[in-house]
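J.: Provided herewith is a single structure, encoded as structure tokens, for subsequent inquiry.
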Amino acid sequence: MRPGPPPDRDETETERLDRNLIELLQEVRVVQTGVQVLFALLLAVPFSARFDAITGFQRGAYFACLIGTLAASVLLIAPMALHRILFRMGQKEYMVEVSNRLALGGLASTAVAMVAAMLLVSDVMFGLGVALAIALATAAAFLGFWCALPLRRRRQVLALRRRARARRG
């Protein structure tokens, strides 16, 4: 079941789709810049003098971070490409739905990259035991703030809407 527009909005379906697409593209722009900067920095790391001294585990963490930022870049830039290619073809609802999924995938990839980055840096600084604890805490923060918090609110809103419909119907 797709949630409808909030009851306090007086907009047509076309206006809602326009607003949703604009909001989504704006949100993607914000996170996309950070991911691209991280990706650029990661591409330079193997060329630094000390890169050869890292352990195999650290290379794995680095590569996970690199792949995460690559995936995030692909997924977060895709909505813009989708919009440009389908521009003026009457595909706004499709663009909003697909771009939303791409953005969620991009956020998940960003979280993977950030957890891997924390794992790598904290392993270099403090050792594996502390690094694993920091990586787990980082993953828990992403899951809590990026998943659990909005999903909890989403369930509450959908339940309120169901009750309101039941009272009306």
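J.: Express in nm, to one decimal, how much length is gained between Cys147 and Ile77 on full extension, taking 0.36 nm for each residue of separation and deducting their alpha carbon distance.
T.: Using 0.36 nm per residue and subtracting the Cα-Cα distance, I get 23.0 nm.
J.: Could I ask something else about it? Given 0.36 nm per residue, what is the gain on full extension from Thr14 to Ile67 after removing their alpha carbon distance, in nm? Walk me through the numbers on the way to the answer.
T.: Working: separation 53, 0.36 × 53 = 19.08 nm, distance 3.72 nm.
Net length gain for the segment: 15.4 nm.
J.: Let me ask something additional. Could you give the length gained by full extension between Thr55 and Glu23, i.e. 0.36 nm per residue of separation minus their alpha carbon distance, to one decimal place?
T.: Contour length minus Cα-Cα distance gives 7.2 nm.
J.: Next question. Of Gly60, Gly105, Gly129, which is the most mobile in a GNM of the chain whose springs link Cα atoms less than 10 angstrom apart?
T.: Gly129
J.: Hey, if you put +1 on the Cβ of every Lys and Arg and -1 on every Asp and Glu Cβ in the stretch 13-168, which of Gly34, Ser48, Ala159 ends up farthest toward the positive end of that dipole?
T.: Ala159
J.: I need to check one value: relative contact order of the stretch 73-164, counting alpha carbon pairs closer than 8 Å and at least 6 residues apart, in percent.
T.: In percent, rounded to a whole number, it is 20.
J.: What 222 nm value per residue comes from the helices of the chain, counting each DSSP H run with n ≥ 4 as -39,500 (n - 2.57) and dividing by all residues, nearest 500 deg cm²/dmol?
T.: The helix contribution divided over the chain gives -28000 deg cm²/dmol.
J.: Same structure, new question: I'd like to verify something in the chain: which complete DSSP H helices, judged by Cα projection on the helix axis, reach 20 Å or more and average at least 0.0 on the Kyte-Doolittle scale?
T.: Counting only whole DSSP H runs, the qualifying helices are 13-44, 56-86, 92-126, 128-142.
J.: Considering only Ile134, Ala117, Ala148, whose Cα is most displaced toward the positive end of the charge dipole of the stretch 100-169, charges sitting on Cβ of Lys, Arg (+1) and Asp, Glu (-1)?
T.: Farthest along the dipole direction, towards plus: Ala148.
J.: State the Cα centre-to-centre distance between the stretch 59-123 and the stretch 125-144 in whole Å.
T.: If we compute the Cα centre of each part, the gap is 22 Å.
J.: Pick the calculated volume of the Cα convex hull per residue in Å³ for this structure from (1) 103; (2) 283; (3) 129?
T.: Given (1) 103; (2) 283; (3) 129, the calculated one carries the label (3).
Any read-out appearing in this document is the output of simple, stated calculations on the displayed coordinates, not a laboratory observation. Computed from a predicted model, the values in this text were never measured in an experiment. Don't worry about glycine lacking a Cβ; one is built from the backbone with ideal geometry, like all the others, and counts go over all protein chains shown.
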